[in-house]
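Since the structure comes first, as structure tokens, the remarks are kept for the end.
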Amino acid sequence: MKILVAEDEKQLAHVLATALRTSGYQVDVVGDGQAVIDHVKQHPYDVIILDIMMPVKSGLTALKELRASGDQTYVMILTAMGEEDDKVNGLDDGADDYLTKPFSIKELLARLRSRERRGAQFASPELQFGDLILNTGDQSLISHNSISLSNKESSLLRYLILNAGKQISTTELINHVWPNDQADAKDVWITISYLRQKLRSICSTVRIAGEEGGSFQLEQSGVES
């Protein structure tokens, strides 16, 4: 998983980043709420660990802006002990979980492992982008007509829709669509090529931009990203 840690206490941010990287996660660290928004606009993340009290923009302000923009990244807020209102407000504003400071690194890692195991279980099976509707339940893709997708095609397109407008590297696609397989850039390119054919066959205005071995971006034809 790729995680964004938003924490302005440098020592705590360093401890968190070190623990997460040691556990095999990719980690970026920022120290204010505006930086959270800027990073999420440009990069895909599976989890944001978000401190509430930060400079420039608070964690709650950043969270509200992310949710208002349609971003669905899993957010775990960090709050000081006893700040019950912050917990409630954070969950009401779109957070998925919270940890109370001081917290146990072991508990944080356990929650992240649980998130990995159960992440897709409670996700909505239907996603929409432009004139597309993707149903991951029956692996169908609908625009002016409909077509069936393979499991990998459905998973890859889902990840692109969830991160529409962002440049997604081939490596990131391999990590998310083929996490336990011996896949390579050729597998990604073949799946992208099949998806492009299917998008054309249902007359969708949505396209997948990018070249073999590089980054890919979901966009609407004629609409600037």
**Request:** Hey, could you check region 91-105 for residues that are outside any strand (DSSP E or B) and within 19 Å of the chain's Cα centre (by Cα) and say which is surrounded by the most Cβ atoms within 10 Å (Cβ to Cβ)?
**Result:** ALA95
**Complete:** Among strands (runs of 3 or more DSSP E) entirely within region 1-62, at least 2 residues that are over 14 Å from MET76 (Cα atoms) and out of contact with any Asp or Glu (no Cβ under 7 Å at 6 or more places or on another chain) occur in 26-30
**Request:** May I ask you to list the residues in region 160-199 that are touching a Gly at 6+ places or on another chain (Cβ under 9 Å) and within 23 Å of TYR45 (Cβ to Cβ)?
**Result:** ALA164, GLN167, ILE168, SER169, THR170, ALA185, VAL188, ILE192
**Asked** Only one of (1) surrounded by 17 or more Cβ atoms within 10 Å (Cβ to Cβ); (2) out of contact with any Phe, Trp or Tyr (no Cβ under 6 Å at 6 or more places or on another chain) is not met by ILE208, so which one is it?
**Response** (2)
**Fill in**
Within region 165-181, of all residues that are crowded, with 19+ Cβ neighbours inside 10 Å and of a type outside the set (D, E, K, R), the one nearest to GLU219 (Cα to Cα) is ILE168
**Request:** Note down all Cβ pairs under 9 Å where the first residue falls in region 43-69 and is on the phi > 0 side of the Ramachandran plot, the second is open to solvent by 10 Å² or more (accessible area, probe 1.4 Å), and they're at least six residues apart or on different chains.
**Result:** VAL56/GLY31; VAL56/ASP32; VAL56/GLN34; VAL56/ALA35
**Prompt:** Quick one: how many residues across region 61-90 are over 18 Å from ASP32 (Cα atoms) and exposed (fewer than 15 other Cβ atoms within 10 Å of the Cβ)?
**Reply:** 8
**Message:** Show the residue pairs meeting these rules: Cβ distance below 9 Å; 6+ apart or different chains; first residue within region 192-204 and free of Cβ contacts under 8 Å to residues at least 24 places away in the same chain; second residue surrounded by fewer than 12 Cβ atoms within 10 Å (Cβ to Cβ) and not small (Gly, Ala, Ser).
**Reply:** none
**Message:** Looking at the structure I just gave you, is LYS87 outside any strand (DSSP E or B), at pLDDT below 95 and within 30 Å of SER143 (Cα to Cα)?
**Reply:** no
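The values are calculated or read from the model by the stated rules, or taken from the named source; none is laboratory data. Computed from a prediction, not measured in an experiment: that's the story for all the values here. When we count neighbours, we look across all protein chains shown, and the Cβ atoms used for this are built from the backbone with ideal geometry, even at glycine. Ligands, DNA and RNA are stripped out before the accessible areas are found, and what is left, the full protein with its side chains, is counted by its heavy atoms. Shrake-Rupley method; radii C 1.70, N 1.55, O 1.52, S 1.80 Å.
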